Each structure stands twice: as structure tokens, then as C-alpha cells.
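Notes for the one structure printed next.
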Amino acid sequence: MNSSDRRVFILQVAAGSTALMALSSVHAQDVVVNEKDAQAIALGYVADSTKVDAKKFPKHAATQMCGNCQVYAGKPGDPAGPCAIFPGKAVSSKGWCSAYVKKAG
């Protein structure tokens with residue numbers, strides 16, 4: 001193998017690795033938090049804010065949803081998006097958990 005073949009090979013490996021990392025990060029955001037996950041249960045996460053147990057979480061208000069929470073990183077209008085509370089996973093924009101903090105503004 002001469003030096004130009006080696007350079008081409010290294011560039012191809014680098015490009016392939018970059019493509020795989022991009023695909024894996026896109027796929028990771030496709031994973032939606034399961035309400036039965038241990039962390040979700042501990043935080044009272046539900047995909048539909050109207051189904052919050054009012055007795056268990058009396059401070060919950062009907063206007064509190066992941067879509068208007070400080071730690072939600074999805075775009076307005078998206079059905080789901082990333083959340084800092086559940087790294088690598090998406091939450092429903094209409095969901096809720098006890099870590100809710102109203103978005104400033």
C-alpha cells in the first residue's frame with residue numbers, strides 16, 4: 001500500500017465514523033421515555049399531562065407540560081423532544097414529570 005492509498009483509506013474511515021456517529025445521535029433521540037422506566041416512575045413522568053395522579057402530585061397544574069418546561073429542548077410544536085432529565089431520550093411535549101420548571105419568558 002502506498003502513501004496516497006493510505007491517505008484515502010484514512011479519510012474514508014474518518015468520513016464513515018462521522019456518518020455513523022451522526023446516525024446514532026439521531027436514532028438516540030427517536031427513543032421515547034417509557035413511563036415504566038425506573039427514572040420515569042420515580043419522577044412521576046406521564047406522556048399525557050392530563051393523566052397525572054393529582055393525589056400523588058397535588059402541585060401539578062393543567063398548564064404544566066414538557067413543551068413549556070425549562071429543561072425541554074424540543075422545538076415548539078414538535079410532538080416530542082430531548083429532555084435534560086432523561087439524557088439521550090425524548091419526552092412527549094404534552095407530558096409531565098415532577099421535575100417540571102416553567103420556561104422563562
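The values are calculated or read from the model by the stated rules, or taken from the named source; none is laboratory data. Note that the coordinates shown come from a computational prediction; the quantities given were computed from them, not determined experimentally. FYI the Cβ positions are ideal-geometry reconstructions off the backbone, even for glycines, and counts take in every protein chain you see.
Quick check on my filter: what residues within segment 51-73 are part of a strand (DSSP E or B) and more than 17 Å from Val31 (Cα to Cα)? Passing the criteria: only Cys69.
Residue-by-condition table, conditions (1) assigned by TED's automatic domain parsing to the domain that holds Val91; (2) touching a Phe, Trp or Tyr at 6+ places or on another chain (Cβ under 9 Å); (3) at pLDDT 95 or above:
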site	(1), (2), (3)
Thr18	no, no, no
Ile41	yes, no, yes
Gly44	yes, yes, yes
Gly67	yes, no, yes
Gly74	yes, no, no
Gly77	yes, no, no
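Could you check segment 74-93 and list, in sequence order, the residues that are assigned to a loop (DSSP other than H, G, I, E, B) and either hydroxyl-bearing (Ser, Thr, Tyr) or farther than 16 Å from Val31 by Cα (or both)?
Applying the first criterion (assigned to a loop (DSSP other than H, G, I, E, B)) to segment 74-93 yields 74-79, 84-85, 93.
Hits for segment 74-93 are Lys75, Pro76, Gly77, Ser93.
You will find that of Ala104, Ala99, the residue that is hydrophobic (A, V, I, L, M, F, W, C), assigned to a loop (DSSP other than H, G, I, E, B) and touching a helix residue (DSSP H, G or I) at 6+ places or on another chain (Cβ under 7 Å) is Ala99 and no other.
So, of the residues in segment 48-76 that are among the hydroxyl-bearing types (Ser, Thr, Tyr) and surrounded by 18 or more Cβ atoms within 10 Å (Cβ to Cβ), which turns out to be farthest from Ser98 (Cα to Cα)? The extreme case among them is Tyr72.
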